[in-house]
Amino acid sequence: MLVIADALINVLARHSPSDTAVETGEQQTSYEQLLDLTLAIREQITRCPAGSAPVVVADDPGAGACATIAAAQTLGRAYVPLSANHPATRIRQILDAVEPAVIVQSDRTAARMADVLPARYPLLTISQQLGNLSWARSPEPAESCVSQIGSDIAYVMFTSGTTGRPKGVPVKAKSLTAYLDVATKRFGVRPGDRASHFFELTFDLSVHDIFVTLLGGGTLVVIPAEQRLLPGRFIREKEISHWFSVPSAADSLHRVGALRPGVFPHLRQTLFCGEPLRWPVAEAWQAAAPHSRIVNLYGPTEATIAISEYVLPRDGSRSNGLYGIVPIGQVFEGQRGGVFSEPDAGAQPNRGELWLSGSQVISGYLDPRDGPKAFAADPDGSTWYRTGDVVERDGDGLFHFVGRVDHQLKISGYRVEPAEIEDAIHRAFPDCRSVVVRCDRGKRLGLVAAIVRAGGDGPAASDIREACATSLPAYMIPAHVVELVSWPVNANGKIDRAAVRRQLEDEIAADVVAGQGAVS
């Protein structure tokens with residue numbers, strides 16, 4: 001748990017204290033300033049009740065968040081990120097689940113969360129000047145606070161859950177250490193390197209951004225939120241040497257013709273993770289960044305950031321490519337990956353669900369009621385995590401992503417359970433049944449909700465989206481709502497989601513052409 005603080009001290013011992021640790025816009029925070037801020041936050045947190053209750057980081061990416069995370073680690077407390085952009089309902093659900101010792105916010109996020117955060121939690125505010133700390137709500141005297149989150153937990157991420165509420169993923173310090181042992185050797189940075197900080201703190205890939213960069217003594221350069229979709233200008237102007245993002249960012253640049261040959265001359269390393277990487281996008285990126293090594297990573301949150309890799313060949317060869325998708329490669333040394341299929345799943349022995357095990361894999365969720373079937377015990381005492389991802393293993397032992405066992409989706413790298421969106425719609429409109437799918441035919445339409453009314457007048461599409469916005473983050477709000485007369489069903493009488501998706505794509509395409517129809 002002391003890994004970041006130790007790294008900061010070591011960097012100060014080895015390099016100039018004035019080296020920039022974090023760069024946010026025009027603000028540059030040196031390693032010396034970051035360490036001072038870490039120790040100041042740590043001192044304030046010690047005023048809170050003793051125990052292992054976590055520290056909630058209610059801040060945007062930047063030096064303040066990095067220092068808060070480091071401070072929590074030095075005290076043996078997990079950190080739990082919160083986004084001020086998420087609905088109040090979701091924020092309160094997360095706080096109820098973790099019962100934090102303290103919430104640390106910045107003056108940038110304070111106004112957005114003023115009416116959201118419950119009054120029972122101590123609230124510490126970091127000013128934009130970084131050196132100024134103030135208690136918006138001081139901690140009450142108490143001997144200790146009881147928490148289900150032990151001191152062996154490094155952080156807790158909340159993902160979309162099938163129960164209609166977010167699902168807590170507790171990652172142990174030993175799992176994070178196992179990942180960092182690999183990442184710092186294979187993807188590490190050095191002093192003078194400039195690494196992107198692309199991900200929101202609520203996305204577990206942000207853990208890589210922060211830890212790997214600060215451990216190596218590089219500069220963590222925060223990308224403005226409005227530039228994430230088309231980050232080309234940011235990469236060029238900030239002279240980024242190490243880039244890490246979801247493939248969607250590269251795909252967006254590719255679609256607008258921004259991946260011109262040689263446009264990213266400073267890039268030396270590119271990592272992609274979070275969703276499938278298409279070969280044409282990878283090849284265009286390689287041409288745009290001719291000096292960069294490109295690595296496609298794979299790993300669910302339950303497996304600590306990433307657990308497998310595929311390094312793209314520099315000669316442009318696609319000899320290991322299947323289905324137009326870059327392989328997810330092989331699991332890291334010391335970890336295990338297996339392909340499991342039901343006895344009647346068909347005649348393809350190398351295709352099935354990917355199961356993962358090893359020191360990076362968690363043994364269960366924060367709430368045991370979440371996904372008990374997601375984990376299986378091995379006779380050797382270890383735990384297997386059933387990813388729900390269908391893969392195929394080729395003759396070289398490489399894993400190739402094929403699809404999902406269930407209906408879980410990935411939207412801009414975020415994991416989305418349609419059941420959570422469907423539950424939100426049903427709670428708001430009990431007479432409506434909905435099915436949420438992702439439609440991508442022709443152009444990226446995103447999430448589409450199909451609804452069938454029980455009778456009478458139904459809600460307008462805008463009403464459905466507004467209802468979703470009260471409890472779901474923006475990336476989970478359907479882009480389109482289509483009303484159907486009835487559901488297509490399969491031979492077993494169950495709703496055929498694939499048929500629903502095809503029908504929705506047809507309905508939307510017809511509406512775009514004709515300019516009419518019940519599509520919004």
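List of remarks:
- Beyond 31 Å in Cα-Cα separation lie the following of the pairs LYS185/LYS373; LYS172/LYS238; LYS373/LYS410; LYS185/LYS410: LYS185/LYS373; LYS172/LYS238.
- Dipole magnitude of the stretch 328-483 about its Cα centre (Cβ charges: Lys, Arg +1; Asp, Glu -1), debye to nearest 20: 380 debye
- Projecting the Cα atoms of PRO372, ALA70, VAL22 onto the dipole axis of the chain, where Lys and Arg carry +1 and Asp and Glu carry -1 at the beta carbon, places VAL22 farthest toward the positive end.
- Per-residue Cβ neighbour rank within 10 angstrom, fewest leading, TYR121, TYR79: TYR121, TYR79
- Entry for Cα extents along the principal axes in Å (calculated from the structure that is shown) out of (i) 77, 49, 43; (ii) 66, 56, 54; (iii) 89, 59, 41: (ii)
- The stretch 333-404 shape via C-alpha gyration tensor axes, a/c threshold 1.5: prolate
- Cβ-based exposure ranking for HIS197, HIS242, HIS254, HIS291, in which fewest neighbours within 10 Å come first: HIS291, HIS254, HIS197, HIS242
- Report summary: the helix-based calculation at 222 nm, which adds -39500 (n - 2.57) for every DSSP H run with n ≥ 4 and divides by the residues of the chain, gives -8500 deg cm²/dmol.
- For the chain, size of Cβ-based charge dipole, Lys and Arg +1, Asp and Glu -1, in debye: 580 debye
- Within the chain, DSSP assigns beta bridges of which about 60% are antiparallel (rounded to the nearest 5).
- Kyte-Doolittle at least 1.0, axis length at least 15 Å by Cα - qualifying DSSP helices, the chain: 3-14, 63-74, 205-216
- Since only ALA258, LEU39, SER106 are under comparison, the one whose Cα sits farthest along the positive direction of the charge dipole of the chain, derived from C-beta charges on Lys, Arg, Asp and Glu, is ALA258.
- Ranking PRO290, GLY324, VAL416 by Cα position along the charge dipole of the chain, where only Lys, Arg, Asp and Glu carry charges on their C-beta atoms, puts PRO290 farthest toward the positive end.
- As a proxy for reagent exposure, LYS410, LYS172, LYS167, LYS373 were ordered by neighbouring Cβ count within 10 angstrom, fewest first; the result is LYS373, LYS410, LYS172, LYS167.
- Taking a ≥ b ≥ c as the square roots of the eigenvalues of the alpha-carbon gyration tensor, the stretch 158-256 is classed oblate because a/c is 1.5 or more while a/b is no larger than b/c.
- Debye, to nearest 20: dipole size of the stretch 333-404, +1 on Lys, Arg Cβ, -1 on Asp, Glu Cβ: 160 debye
Rule-based calculations on the coordinates, nothing more; no lab input. The structure displayed is predicted, hence computed values, not measured ones. Cβ: placed from backbone, ideal geometry, glycine included. Neighbour counts: every protein chain shown.
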